Amino acid sequence: MDPEMQKMREVVLVYLDRSGGLQKFVHDCKKYNDSKQSYAVYRFIISINPSDIAELDATLGNYILHNPLQAAQIFQSVCFVAIKTLSLIEQLQTEAQISILLKPTHLPPLPSYVLSLSAYPFNYTSQRFYMSEGIVIAMGTVTKYTQGARFLCTEETCPFSEGRFRCIRVHCPGATESATVRTDFVCSMCSSPLQEDMKFRVLGDKQIVEMIDAKILNALKGYSNDKSHFRIQAFTVFLRDELANKMTIGNHYRIIGIPACVQNGLQATACIEVNSVQLYKPNGPSFVSDNFKYLLSLTSSSYWRFTAILANIFASQVVPPGTYNTLKLAILLSLVQTCEKENADYLDLLIVTSDTLVIDRLLHYSLCLLPRGVRHPPSSEIFPSVSKDKHGTGSASIQACSAVLAKGGICYIGDLNSYKKDKLELLQSVLESRTTTVFIPGKKYGEEADQQVTVSVQTNFWSFVDVDSSSKKHIQKENFLIGQMDMSLIPVNLVDGFGLLIYNEFPSCRLSSPVVHHILKKAINPEAMLYKVSQQFRTQDYEEFILFARNLHVELSSEAESLLQGYYLASRRVRRDSIHGSTLSASALKILISLSKAHAKLSLRQTVLEEDAVIAVLLLESSLTLKHGTSALCVAPNPLFPFDLNDENSLQQRDIYLMQCHHQLLKFIAAYSPGIHINTNEE
């Protein structure tokens with residue numbers, strides 16, 4: 001026996017004993033032994049730490065990292081001796097029946113262990129461990145594959161025709177089903193045909209997943225500051241047995257596996273046989289820029305000034321400061337209310353405008369501030385669809401689309417009028433439930449029964465409506481209430497599904513001359529910094545600020561909660577008619593809470609105050625006025641920015657105005673929701 005090989009076997013035994021792997025192995029053997037059933041293959045998963053093994057024996061550590069299939073054979077022989085010595089599995093006959101899957105906890109953080117399809121060349125022939133990462137863009141249904149099978153010689157006089165486990169076929173990484181089971185295998189002793197003993201076939205679960213490099217997110221934004229060119233290609237990932245259904249479509253994962261090349265007819269596909277899967281969660285910045293900190297300290301005397309100035313100077317690369325302030329504040333609130341939690345507070349925006357070019361540029365610029373901002377291309381689907389798997393299995397594959405790829409971010413779907421009725425109905429359903437159901441017909445995809453797969457949609461939706469094109473498509477109604485807009489072209493329930501309806505043509509926003517000058521100057525010199533604030537508060541500063549703010553965990557104060565509940569109950573009583581009852585949707589309270597939390601985050605606070613609730617109420621009341629007309633609360637057309645913010649005096653005026661709104665809101669609640677107790681400040 002090779003002394004080096006014998007030494008590595010001894011090191012394997014020592015490592016298994018020290019790491020607790022031997023105890024787990026004995027426990028797994030007990031399960032097989034208790035079943036009293038003979039298998040062609042006994043499969044064991046062994047978790048290995050390459051660093052610990054390299055410390056014990058560098059040769060074995062190198063073997064595991066660069067020759068994992070041969071290293072698995074060393075573990076196989078050690079496990080076979082252990083089973084026989086300790087009589088762990090009575091049914092086991094030969095070493096070939098043991099299948100070992102090595103699962104490395106990590107790989108060395110070196111470039112040579114990272115596999116990327118955006119880099120060239122793609123080394124898929126080495127059959128060693130690589131680490132790769134990407135986003136899941138397609139997932140197949142779980143099907144069966146053959147883990148192992150026993151074959152017998154058809155020649156009766158041959159020793160291999162007896163019922164012992166001499167001819168065993170075991171699945172290897174990257175191998176197709178035909179490599180494990182087919183009819184043209186021949187006996188190694190007499191060259192007679194081999195025949196499978198079907199009762200000993202061992203089946204496992206298999207799932208085919210398509211992943212793509214995370215750089216695709218830059219392309220999905222439709223714009224990138226990065227001028228470098230790179231190649232993006234999806235790659236196939238095989239999840240087997242315990243890893244099946246461990247991935248979720250749209251998520252970002254780090255995987256460790258062995259690359260291979262699968263031949264399907266004349267087509268060869270690069271793939272990775274995965275050994276371990278880890279959800280990738282990038283850490284957000286732990287700081288904001290010094291300029292934002294200084295601005296926060298300057299405005300500490302008021303809970304409203306900081307966010308007002310943020311909105312006033314936001315996106316100065318696209319629109320002049322001081323224009324579209326209400327819309328920009330709503331955009332910032334929606335940006336900080338993005339996360340990948342199941343029960344997140346979503347904040348969707350629907351903008352009514354005749355300035356579609358400017359609004360499109362503003363929304364496009366804003367979504368690029370997030371890692372996951374997707375500009376939906378009209379030629380593709382917003383929500384997941386089903387297609388036939390391209391690897392020849394005939395099974396169904398669910399394809400991720402814009403809404404799923406924008407997970408934890410923004411999905412900007414453009415002009416709402418450009419979509420047909422069925423798409424709008426599906427969008428309404430998703431806005432209400434935050435899920436979409438994919439139907440998979442069984443007959444079409446080789447299944448016995450039909451399937452329904454529910455996919456979570458965790459993103460904020462942005463859209464706009466062009467009032468000019470809308471007015472041309474239908475005759476406007478005349479019986480409008482004060483403040484109400486004609487939204488009859490869009491289903492009422494769909495409009496209610498969006499958290500906020502924003503009309504950007506408020507008097508303080510009608511600064512056509514500065515906007516025109518801005519557009520002309522940018523057309524002449526796109527890279528020009530037209531305003532001083534663009535240099536003080538750069539796009540990168542806003543990116544870091546938003547990523548920091550959205551990760552803040554905020555809690556509702558009892559005062560803010562009472563104010564929101566009081567307004568909600570009062571509005572339900574005021575906004576009602578004799579036929580339909582209350583016109584206030586049941587989701588209004590959730591939208592109020594989401595707005596309040598977003599304003600607290602934008603203010604870099606972790607407690608939602610009454611001042612945050614006032615901003616939320618004014619935004620929602622303004623939105624409700626556009627939908628249903630004014631109410632007894634009777635807010636001004638542009639309640640959040642009644643003055644142009646030119647100096648400190650205008651900020652002081654705005655504070656006084658918002659305090660008056662706060663007092664008016666308390667009176668409204670006292671009149672129409674008397675059961676709610678709210679502490680009022682005598683001042």
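State which residue pairs qualify: first residue closer than 16 Å to residue 45 by Cα and inside the range 78-89, second residue in a loop (DSSP other than H, G, I, E, B) and open to solvent by 90 Å² or more (accessible area, probe 1.4 Å) in any location, beta carbons under 8 Å apart, and separation of 6 or more residues or different chains. If the second residue must be in a loop (DSSP other than H, G, I, E, B) and open to solvent by 90 Å² or more (accessible area, probe 1.4 Å), no pairs are left. Among the residues of the range 350-395, just one is in contact with a strand residue (DSSP E or B) (Cβ under 6 Å, 6 or more places away or on another chain), small (Gly, Ala, Ser), part of a loop (DSSP other than H, G, I, E, B) and within 20 Å of residue 249 (Cα to Cα), namely 395. Checking every residue in the range 183-197 against the condition of being touching a Ser or Thr at 6+ places or on another chain (Cβ under 8 Å), surrounded by fewer than 18 Cβ atoms within 10 Å (Cβ to Cβ) and either in the same structural domain as residue 68 (by the TED database) or of a type in the set (Lys, Arg) (or both) gives zero matches.
In the range 427-443, which residues are assigned to a loop (DSSP other than H, G, I, E, B) and free of Cβ contacts under 8 Å to residues at least 24 places away in the same chain? Once the filter is applied, which keeps residues that are assigned to a loop (DSSP other than H, G, I, E, B) and free of Cβ contacts under 8 Å to residues at least 24 places away in the same chain, the range 427-443 yields 441, 442, 443. Counting the residues of the range 260-284 that are aromatic (Phe, Trp, Tyr) and crowded, with 19+ Cβ neighbours inside 10 Å gives 0.
Just give me the residues in the range 285-303 being in a helix (DSSP H, G or I) and either open to solvent by less than 100 Å² (accessible area, probe 1.4 Å) or over 19 Å from residue 653 (Cα atoms) (or both), in sequence order.
Once the filter is applied, which keeps residues that are in a helix (DSSP H, G or I) and either open to solvent by less than 100 Å² (accessible area, probe 1.4 Å) or over 19 Å from residue 653 (Cα atoms) (or both), the range 285-303 yields 290, 291, 292, 293, 294, 295, 296, 297.
Contact annotation: residue pairs with Cβ atoms under 9 Å, 6 or more positions apart or on different chains, pairing a residue in the range 143-159 that is over 30 Å from residue 244 (Cβ atoms) with a partner that is of a type in the set (Phe, Trp, Tyr) and open to solvent by 10 Å² or more (accessible area, probe 1.4 Å), are 152/160; 153/160. When the residues of the range 23-49 are filtered to those that are in a loop (DSSP other than H, G, I, E, B) and not aromatic (Phe, Trp, Tyr), which remaining residue is surrounded by the most Cβ atoms within 10 Å (Cβ to Cβ)? Step by step, filter the range 23-49, then rank; the result is 40.
Which ones in the range 49-72 are within 29 Å of residue 37 (Cα to Cα) and either hydrophobic (A, V, I, L, M, F, W, C) or touching a residue at least 24 places away in the same chain (Cβ under 8 Å) (or both)?
Step one: list which residues in the range 49-72 are within 29 Å of residue 37 (Cα to Cα), which gives 69-72.
Across the range 49-72, the qualifying residues are 69, 71, 72.
Here is the figure for the range 545-561: residues that are in a helix (DSSP H, G or I), over 12 Å from residue 601 (Cβ atoms) and open to solvent by 40 Å² or more (accessible area, probe 1.4 Å) total 3. Among the residues of the range 127-152, just one is more than 32 Å from the chain's Cα centre (by Cα) and of a type in the set (Ser, Thr, Tyr), namely 146. Could we say that residue 126 is of a type in the set (Gly, Ala, Ser), under 19 Å from residue 262 (Cα atoms) and part of a loop (DSSP other than H, G, I, E, B) here? It is true that residue 126 is of a type in the set (Gly, Ala, Ser), under 19 Å from residue 262 (Cα atoms) and part of a loop (DSSP other than H, G, I, E, B).
Using the structure shown, decide if residue 514 is at pLDDT 75 or above, open to solvent by 20 Å² or more (accessible area, probe 1.4 Å) and part of a loop (DSSP other than H, G, I, E, B).
Working: at pLDDT 75 or above: yes; open to solvent by 20 Å² or more (accessible area, probe 1.4 Å): yes; part of a loop (DSSP other than H, G, I, E, B): no.
Answer is no for this residue.
For the range 635-649, state whether one or more residues are small (Gly, Ala, Ser) and surrounded by fewer than 23 Cβ atoms within 10 Å (Cβ to Cβ). There is at least one residue in the range 635-649 that is small (Gly, Ala, Ser) and surrounded by fewer than 23 Cβ atoms within 10 Å (Cβ to Cβ). Residues of the range 550-586 that are modelled with pLDDT under 85 and over 17 Å from residue 630 (Cα atoms): 578, 579, 580, 586.
Of the residues 158, 187, which is at pLDDT 85 or above, over 30 Å from residue 414 (Cβ atoms) and touching a helix residue (DSSP H, G or I) at 6+ places or on another chain (Cβ under 6 Å)?
One residue alone meets the criteria, 187.
Per-residue answers, yes or no, for (1) surrounded by fewer than 24 Cβ atoms within 10 Å (Cβ to Cβ); (2) under 24 Å from the mean Cα position of the chain (by Cα); (3) in the same structural domain as residue 492 (by the TED database):
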{"site": "319", "(1), (2), (3)": "no, no, no"}
{"site": "327", "(1), (2), (3)": "no, no, no"}
{"site": "353", "(1), (2), (3)": "yes, no, yes"}
{"site": "356", "(1), (2), (3)": "yes, no, yes"}
{"site": "367", "(1), (2), (3)": "no, yes, yes"}
{"site": "373", "(1), (2), (3)": "no, yes, yes"}
{"site": "377", "(1), (2), (3)": "yes, yes, yes"}
{"site": "381", "(1), (2), (3)": "yes, yes, yes"}
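Within the range 606-633, being open to solvent by less than 10 Å² (accessible area, probe 1.4 Å) and in contact with a Gly (Cβ under 7 Å, 6 or more places away or on another chain) holds for one residue alone: 629.
Yes or no: residue 257 buried (at least 18 other Cβ atoms within 10 Å of the Cβ) and not acidic (Asp, Glu)? Yes; evaluated as a whole, the condition is true for this residue. Residues in the range 587-602 that are open to solvent by less than 10 Å² (accessible area, probe 1.4 Å) and either within 17 Å of residue 550 (Cβ to Cβ) or among the polar types (S, T, N, Q) (or both): 594, 595, 596, 598, 599, 600, 602.
The values are calculated or read from the model by the stated rules, or taken from the named source; none is laboratory data. Every value quoted in this text rests on a predicted model; they were computed, and no experiment measured them. Glycine also receives a Cβ, built like all others from the backbone with ideal geometry; neighbour counts cover every protein chain displayed. SASA here: full protein model, heavy atoms, side chains in, ligands and nucleic acids out. Shrake-Rupley method; radii C 1.70, N 1.55, O 1.52, S 1.80 Å.
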